[in-house]
Amino acid sequence: MDHTDDKYYVPHGSHWPIVGSVAMFAMLGGLASYLNGGEFGGMMSLLGLAILITMMAGWFGNVIAESMAGYYNPQVDKSFRMGMMWFIFSEVMFFAAFFGALFYARQLAIPWLGGEGTKFMTNLTLWPGFEAMWPSNGPAHAGGEYESMAAAGLPAINTAILLTSSVTITIAHHALKDGNRLLLNLGVLLTVILGFTFISLQAAEYMHAYSELNLKLSTGIYGSTFFVLTGFHGMHVTVGAIFLTVIWFRVLSGHFTPQNHFAFEAASWYWHFVDVVWLCLYFFVYWL
Amino acid sequence: MGSEYEATADQHHADDHGHNGAPSGIKRWLFSTNHKDIGTMYLVFSLLMFFIGGMMIMIVRAELFQPGLQFVDPAFFNQMTTMHALVMVFGAVMPAFVGLANWMIPLMVGAPDMALPRMNNWSFWLLPVGFSFLLGTLFMPGGAPAAGWTMYPPLVMQTGDAFPYMVFAVHILGASSIMGAINIIVTIMNMRAPQMTLLKMPLFVWTWFITAFLLLAAMPVFAGAVTMLLFDQFFGAHFFNAAGGGDPVMFQHIFWFFGHPEVYIMILPAFGIVSEIIPTFARKPLFGYNSMVFATASIAFLSFIVWAHHMFTVGMPLAGELFFMFSTMLIAVPTGIKVCNWIATMWRGSMTFETPMLFSLAFVFLFTIGGFSGLMLAITPVDFQYHDTYFVVAHFHYVLVPGSVFAIMAAVYYWLPKWTGHMVDEKLGKIHFWLSAIFVNITFFPQHFLGLAGMPRRIPDYSTQFADFNMMSSIGAFGFGLSQLLFVYIVYQAVKGGEKADRQVWDNPIGLEWTVPSPAPHHTFETAPEVR
Amino acid sequence: MTGSSGFRLVGKITTLLTLMIIAPTAFADMVFNLRRGITDTSQAVYELHMLILWVCVVIAIFVFGTMIVSIILHRRSRGAEPASFSHSPKAELIWTIIPVIILVWMAIPAAKTLVVMEDFRDSEMTIKITGYQWKWHYAYLGTEVDFFSTLARSSNIARQVNSGIDPFSVENYLLEVDNPLVVPVDTKIRLLVTANDVIHSWWVPSFAIKKDAVPGFINEMWFKANETGTYRGQCAELCGRGHGFMPIVVDVMSKDDYTAWIDARTAGQNVAMVESTSDAGPEILAAAEELSGEELYNISCSACHQANGQGLPPTFPSLVDSALVNGPVAKHIDVVVNGRPGTAMIGFSSLLSDAELAAILSYERNAWGLNSGDTVQPSDIAAAR
Ligand code: HEA
Ligand code: HEA
Ligand code: CUA
Ligand SMILES: [Cu+2]
């Protein structure tokens, strides 16, 4: 195989990207139509999602096959690593937008509505009696009376779970590098289990919020930031956990070698990223 | 499982050899993993969008030709303005630069292709999806988005059925840009020929490298902003509603945190192009290479801390206004370094004035004029007078049309022989240049006066005192638009045939792209070239 | 388009083209520059503007001058041999330092002016301005005077698509309102701006003040007019379909006139303020008299509810499908006359006369296939006021 070292592997045409585009068209077009009250939007959106999943399976399948066939030289491997790294960076910036909204609301919007700084008249003429504090659902008490989410309890447990999972994935990584199959296997499995536990607890927390605390997405700016931040984080945990599940199966099939295991590392970076986001969340959303 | 994979892999392996030319048929384009083909698709797409966005604004200019409403309803007028900007920014200028990057970066750094070829294909093929959403909104109940390309709430909440399509179009186009940016970063970091050290990279590569980071940091924030709009609209969130403790102005902060870097995304690659072309035709090395790189990086950094200069009138605290005024003014320094370096490159050179050089020279002149008006806008107390008037419109069209668009045209004229193997018709090229350069000024220069005299932007009808300059501007716009038909003809002609170009094309240009034959073969640099 | 205005158009284009080519300076009646304005602030802003402008012009002369010299002298066709230098730390330092110095030198007066503009202390009276789609509401705090200010009828009729009225025949086309804001001269007036629906922006160039009217927040600005007179501006933030049609007019009066005005206004506050069309030319007056319910609807209501009555749901409800429009007349009248507080649907009692409202309502109830057969009388409206 002349691909291995001297030559950078450039794949020939692939139909997966265009399938991906069709999937995006159906999925988001359908969702938009659904949001507008269209009749078939929901169906179309699900169909798109199905195509998207097929596309990912097919595309990654290709990549895995090529990797197993030894087409990738270290330079290709490096491209993948860098690609993943910068992708995660873009994800960080996505979360930054929502954290930005949280900080802005807490540090500026709410105090202004409460008449601080130069916005004395805002409070006096438009929202008399509103006092700035956090959490807040705004001067109109959007969403009605509510209780905020405590930092102790479920969220604290979830923090512990995610932190532990970060440890287990790291153990697995070391095991992989040392060629310790059993530990690798166990480490990944544990991480996956912890990940799904986290998601279930998060779901329980949401249920608690909706049914007992009257804390909803529509509970003013507090509810909005709370659910959007934790919700997007939860979605990322789900994706990460599925990613790790796939990795676990690949571990079982013996895909990774101590030298060559980019996909494993990508998954673990992703997991660490999700973990760090959670720490920020825990600190800024629940605690402070 | 393993054996299955091997089977498919073997197929791949099998057809991995045996062709040096391009695959044929529609699959060549749909399934392409070739940076040149993908680059071509980007460029063709961009040209198409330039025409669509241009046609939209022709409707606007026709309505503004004289006072009174003659042709369109004000609501439709606003849709045209909004769509014009979205199409031009996300459909014409950005894809054109990505197309140029695709074509040229692997050639310039001596790489066999982009680092992630399949993803490259997807980056492109997401664009048609995004734009089918965006252009499709024109036919929906309530019409296309009409709240300006800045999509400020609460106004944008009055969008009809187009609303979710607009949001998802932004998501898709954002995903496309992010993937494109990742590809470019990885290609530059990982695929350079061994002796191509960072400080030997051509400036076009450098400016794109930095631009890619801007994209990576800015696009996700935009996606976040429109996601919040979506949540406010459909799921009862209160991000931008004061009654619920939010703030409409918060959207503006998030938007412009993206939006300002975005405008530099549209100019940095242009700086790179001009920095390639001027040395070639001045027959003299680029002056101050290191300071050019450094200035680009400073501009990129500063672009993240100046965003609120678009929001001087929203009622920010004094300290904020002062900070954003000072930081914005600072950008004039690195930009000035670049302008001076270009001129120093020309100084005591041996200049000739082929079409790419003419466009580059016009770029330096007219971009600088746009930069000056930008600096005027940065002065907060005076911006109170300029803000949301045609003075702003004049400013940003000077940096975008004779800025970005001229640079793209210069690049096309410069590299077209390399792409097609045919020289461009110089005479027609020069005619195209002069028509464009004259009409662009007739279009946009009077807009400065309109703004100063007090004409707000985004209005379909105006007071009679503004009539003369508007008529002038419209005449210029029609002239400029029609001149672009010539451009299409010239490109078509060069694709079809014409005088054969040699490897070098121009008189001793610098760079690896000139070491491969013209037209550049389908695959180049499968083994890394030597770099001097 | 009438024949004569077509002629004028052709003539205009020809003159313009000729002028553009031969003598750009010949546009005697055109405004090229920012106005000085009539407040201390606006003068300061004007000075700043001229300062930066000249700085830019001077730099441009240097930069472009060098470039042009180079283009002329250092061309191959003149036999220029290329030099080979590619950097010069000294030169690069020069064009880094000089701009920095210039910028600092410009930043200082700019910052000073800004600080003054943001100083709201010692104001003598306060007016609260609220932006609506698409009108302004002014409330003189501490008095009982408050009113809406909308585009003057003359302009409003002429600006309809293909109205057939030549804008040049309308005085202050699009820059005239029914009820101008009235203020005293030589008085520091604080303005509190906010909005009811979407963001607007209150701008009067002669005062050099512009602030966004953000729903849910109050922004402040101030001015002190040094001269009496009438000053015009426009909404400066895209606010939807009628953004181009919400002008601002401020009458600066002597202090005595102002006092007289505010007293009269306080006394007559409850009198309906039906706009006068006296400022319009005869052409428009005639047109206004003949307006049918449909035309009035198109002028006043179609901005939101659309000409076909379908509205733009969810923001602007359809009238065709409205239970209200299809139901008893009294409730329908009430909504239109008194509005729905807290929504974009404001009461039209102060904006339209009884006869006009009656015509509109009659039209609504019988248009778009509704055919209720109802006819609303002006007296019904008067009763509902
Ligand atoms: C390619 C795009 C591009 C570029 C490069 C720029 C460049 C600059 N822009 Fe512009 N801008 C836009 C695109 C761009 N802009 C757009 C699209 C909008 C409007 C968006 C909307 O509202 O829809 C806008 C609006 C805009 C505003 C908001 C105006 C308003 O709405 O009120 C401001 C205010 O500060 C501003 C400032 C600047 C400055 C200071 C620069 C500087 O980078 C310019 C620096 C360059 C020079 C100064 C010239 C060269 C320098 C020298 C020769 C050295 C010596 C010079 C001096 C010391 C003076 N821009
Ligand atoms: C890269 C970006 C870009 C580009 C290239 C352009 C190109 C042009 N722009 Fe655009 N413009 C924006 C970005 C851009 N603009 C933005 C961001 C806004 C702000 C929007 C907002 O307020 O939200 C704006 C707004 C804007 C306005 C203000 C509208 C308003 O406030 O209501 C105007 C008015 O004159 C204008 C004019 C033009 C013209 C005449 C061109 C010309 O250069 C276009 C020339 C091209 C063609 C004409 C197409 C090709 C030719 C043909 C198809 C042949 C047929 C031609 C004829 C029949 C004449 N633009
Ligand atoms: Cu109100 Cu624009
Ligand atoms: Cu900016």
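The values are calculated or read from the model by the stated rules, or taken from the named source; none is laboratory data. Everything numeric here is computed off the predicted structure, so don't read it as measured data. Positions of Cβ are generated from backbone atoms using ideal geometry, with glycine treated the same way; all protein chains shown enter the neighbour counts.
Overview of results
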| item | result |
| --- | --- |
| Residue in region B:215-238 that is crowded, with 24+ Cβ neighbours inside 10 Å, without any contact (Cβ under 8 Å) to a residue 24 or more places away in the chain and more than 26 Å from the chain's Cα centre (by Cα) present | yes |
| Any hit, region B:451-465, residues being surrounded by fewer than 21 Cβ atoms within 10 Å (Cβ to Cβ) and more than 26 Å from B:Ala75 (Cβ to Cβ) | no |
| Test: residue in region B:154-177 that is within 16 Å of ligand 2 (Cβ to nearest atom), of a type in the set (Phe, Trp, Tyr) and either within 13 Å of chain A (Cβ to nearest Cβ) or surrounded by fewer than 24 Cβ atoms within 10 Å (Cβ to Cβ) (or both) | no |
| Subset tally (residues that are more than 7 Å from every other protein chain (Cβ to nearest Cβ) and out of contact with any Pro (no Cβ under 7 Å at 6 or more places or on another chain)) for region B:331-350 | 6 |
| Evaluation of B:Ala181 against (1) touching a residue at least 40 places away in the same chain (Cβ under 8 Å); (2) surrounded by 24 or more Cβ atoms within 10 Å (Cβ to Cβ); (3) closer than 30 Å to B:His35 by Cα (one fails), failing number | (1) |
| Qualifying residue in region B:398-408 (condition: away from every other protein chain (no Cβ under 14 Å), under 21 Å from the mean Cα position of the chain (by Cα) and within 30 Å of B:Pro317 (Cα to Cα)) | yes |
| Pair list, Cβ < 9 Å and 6+ apart or interchain, from region C:77-90 residues that are facing chain B (nearest Cβ under 7 Å) to residues that are loosely packed, with under 15 Cβ neighbours inside 10 Å and of a type outside the set (Phe, Trp, Tyr) | C:Ala80/C:Leu73; C:His87/B:Asn290 |
| Options B:Leu512, B:Leu482: the member that is closer than 30 Å to B:Ile38 by Cβ and of a type in the set (A, V, I, L, M, F, W, C) | B:Leu512 |
| Matching residues, region A:115-125, being at the interface with chain B (Cβ under 10 Å from one of its Cβ atoms) and crowded, with 21+ Cβ neighbours inside 10 Å | A:Lys119, A:Thr122 |
| Filter result for B:Ser474 (within 14 Å of chain C (Cβ to nearest Cβ) and more than 16 Å from ligand 1 (Cβ to nearest atom)) | yes |
| Members of region B:237-258 that are away from chain C (no Cβ under 13 Å) and modelled with pLDDT under 95 | B:Ala237 |
| Which listed residue, of C:Thr126, C:Thr150, C:Thr113, is closer than 30 Å to B:Gly371 by Cα and of a type in the set (Ser, Thr, Tyr) | C:Thr113 |
| Verdict on B:Pro381 being within 22 Å of the chain's Cα centre (by Cα) and away from ligand 3 (no atom under 16 Å from the Cβ) | no |
| Any chance B:Glu321 is of a type in the set (Asp, Glu) and within 8 Å of another protein chain (Cβ to nearest Cβ) | yes |
| Qualifying position, being within 14 Å of chain A (Cβ to nearest Cβ), in contact with a helix residue (DSSP H, G or I) (Cβ under 7 Å, 6 or more places away or on another chain) and more than 9 Å from ligand 2 (Cβ to nearest atom), among B:Gly110, B:Gly68, B:Gly39, B:Gly99 | B:Gly110 |
| Any hit, region C:68-75, residues being more than 25 Å from B:Gly371 (Cα to Cα), over 51 Å from the mean Cα position of the chain (by Cα), surrounded by 14 or more Cβ atoms within 10 Å (Cβ to Cβ) and within 7 Å of chain B (Cβ to nearest Cβ) | yes |
| Qualifying positions in region B:349-369 - more than 16 Å from B:Ile277 (Cα to Cα) and more than 9 Å from ligand 1 (Cβ to nearest atom) | B:Leu366 |
| Any hit, region A:58-67, residues being in contact (Cβ under 8 Å) with a residue 12 or more places away in the chain, more than 9 Å from chain B (Cβ to nearest Cβ), crowded, with 17+ Cβ neighbours inside 10 Å and of a type outside the set (Lys, Arg) | no |
| Those strands (runs of 3 or more DSSP E) lying entirely in region C:163-263 with at least 3 residues more than 7 Å from every other protein chain (Cβ to nearest Cβ) | C:181-184, C:189-195, C:200-204, C:219-223, C:229-234, C:247-253 |
| Qualifying residue in region C:114-122 (condition: more than 9 Å from chain B (Cβ to nearest Cβ), more than 16 Å from ligand 3 (Cβ to nearest atom) and outside any loop (DSSP other than H, G, I, E, B)) | no |
| Candidates C:Met221, C:Met246 - the one that is within 16 Å of ligand 2 (Cβ to nearest atom) and closer than 30 Å to B:Gly245 by Cα | C:Met246 |
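A quick yes/no check of all residues on (1) touching an Asp or Glu at 6+ places or on another chain (Cβ under 9 Å); (2) surrounded by fewer than 15 Cβ atoms within 10 Å (Cβ to Cβ); (3) within 14 Å of chain B (Cβ to nearest Cβ):
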{"site": "A:Ser148", "(1), (2), (3)": "no, no, yes"}
{"site": "A:Asn185", "(1), (2), (3)": "no, no, no"}
{"site": "A:Tyr210", "(1), (2), (3)": "no, yes, yes"}
{"site": "A:Lys216", "(1), (2), (3)": "no, no, yes"}
{"site": "A:Thr219", "(1), (2), (3)": "no, no, yes"}
{"site": "A:Phe232", "(1), (2), (3)": "no, no, yes"}
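Results for (1) buried (at least 20 other Cβ atoms within 10 Å of the Cβ); (2) within 7 Å of another protein chain (Cβ to nearest Cβ); (3) free of Cβ contacts under 8 Å to residues at least 60 places away in the same chain; (4) in a helix (DSSP H, G or I), shown as yes or no for each residue.
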| residue | (1), (2), (3), (4) |
| --- | --- |
| A:Ala23 | yes, no, yes, yes |
| A:Ala26 | yes, no, yes, yes |
| A:Gly30 | yes, no, yes, yes |
| A:Ser33 | yes, no, yes, yes |
| A:Met43 | no, no, yes, yes |
| A:Gly48 | yes, no, yes, yes |
| A:Ile53 | no, no, yes, yes |
| A:Gln75 | no, yes, no, yes |
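Per-residue answers, yes or no, for (1) modelled with pLDDT of 95 or more; (2) surrounded by 22 or more Cβ atoms within 10 Å (Cβ to Cβ); (3) on the phi > 0 side of the Ramachandran plot:
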site	(1), (2), (3)
C:Val161	no, no, no
C:Tyr173	no, yes, no
C:Lys188	no, no, no
C:Val204	yes, yes, no
